[in-house]
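No lab work stands behind these numbers, since they all come straight from the coordinates. Because the structure is a prediction, the values reported are computed rather than measured. Positions of Cβ are backbone-derived with ideal geometry, glycine not excepted, and every protein chain shown enters the neighbour counts.
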Amino acid sequence: MNFVQPIRDLDCIFEIKRHLKNQSERNYMLFVTGINSGLRISDILPLRVSDAKRKYFNIIEVKTGKKKRIDMTPQLQREFKQYIEGKEDHEYLFQSREGINKPIGRSMAYKILRSAAEYVSLDDIGTHTLRKTFGYHLYKQTGDVALLQKILNHSDPAFTLRYIGIDQDAMNKAIKDFKI
């Protein structure tokens, strides 16, 4: 398994969103859902239209088996309102083009994100990048590692900071500022 990074640059996020929106509404919404919810890809792909009609996600995490409720950001609510218009409650939000009402798989989600990353010349990108990007920017906006730790369901604040790449940022800055 490769180690992936969050997308730190807001301009880069904007360009990816623009690229994906031009490519496919589904691919755009997959990206937007991930970076605005902090959910793992395994918890995003099984979402249905009925899940997007509420102001929160009420899920049982695939990885941990724990029940979790996450409020949607107002922006994500607006995006979903448009996206689900005319869709039936039982339909998957991120439908595969193969079969009838089947969600895309992890490998397709990975391909979508890798393609977008190549478009903006980013490395170290995978499906987990969405969750890490959410965490990175939430931390940058709030500075509250304890809150982020709780949202991401981590047991240690040091792990949370390392997970979202804050340690890497500090190391990069130290090297950049280093002089002898």
Let me know the shape class of the stretch 1-114, please: from the alpha-carbon gyration tensor, a ≥ b ≥ c as square roots of the eigenvalues, rounded when a/c is under 1.5, otherwise prolate if a/b is greater than b/c, or oblate.
rounded
Taking GluC sites (Glu not before Pro) that fall in a DSSP loop and have at most 10 other Cβ atoms within 10 Å as cut points, what is the longest piece of the chain between them?
1-84
Please state the shape class of the stretch 72-145: rounded when a/c is under 1.5, otherwise prolate if a/b exceeds b/c and oblate if not, all from the C-alpha gyration tensor.
oblate
Can you pull out the trypsin sites (Lys or Arg not before Pro) in the stretch 94-180 whose DSSP state is coil and whose Cβ has at most 12 other Cβ atoms within 10 Å?
R97, K179
Search the structure for amide H atoms under 5 Å from the amide H of F57, placed 1.01 Å from N in the peptide plane, and list their residues when 5 or more places away or on another chain.
I70, D71, M72
Per-pair calculated FRET efficiency, R0 = 35 Å: F3 and R69 via Cβ, rounded to 0.05:
0.75
Let me check against my output: what whole-number percent is the relative contact order of the chain, with C-alpha pairs under 8 Å and at least 6 apart?
28
